[in-house]
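Enquirer: The following block contains the structure, expressed as structure tokens.
The values are calculated or read from the model by the stated rules, or taken from the named source; none is laboratory data. As the structure is a prediction and not an experimental result, all values here were calculated from the model. Glycine also receives a Cβ, built like all others from the backbone with ideal geometry; neighbour counts cover every protein chain displayed.
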Amino acid sequence: MTEGVMTPPVAHPMEKFQRQVRSLVQSKAVKPADSIWKIALLYGDEWSHWKQELQDFDFSMQDPISDLLAVESWDES
């Protein structure tokens, strides 16, 4: 009998982004009350991609970072 290899589910790209932003908050580069646009300064050329992703999830650049960190599931259904 062969054993199947269980592969973990692939994380949504926004989960990785959320972890990176959480790390920025923990390192005090930004504050949870700061507007999301503030992280644009730290993402440089990648920002246009992440900005579009955030807007696809109905975030505005004026929303606080804490709203982004509060998301529990990035389900697109």
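Enquirer: Only one of (1) part of a helix (DSSP H, G or I); (2) within 12 Å of the chain's Cα centre (by Cα) is not met by Ser73, so which one is it?
Expert: If we test Ser73 against (1) part of a helix (DSSP H, G or I); (2) within 12 Å of the chain's Cα centre (by Cα), just (1) comes out false.
Enquirer: Are any of the residues in region 33-45 loosely packed, with under 13 Cβ neighbours inside 10 Å, part of a loop (DSSP other than H, G, I, E, B) and modelled with pLDDT of 95 or more?
Expert: Yes, region 33-45 has at least one match.
Enquirer: Does Phe17 meet the test of being within 12 Å of the chain's Cα centre (by Cα), at pLDDT 90 or above and either assigned to a loop (DSSP other than H, G, I, E, B) or of a type in the set (Gly, Ala, Ser) (or both)?
Expert: no
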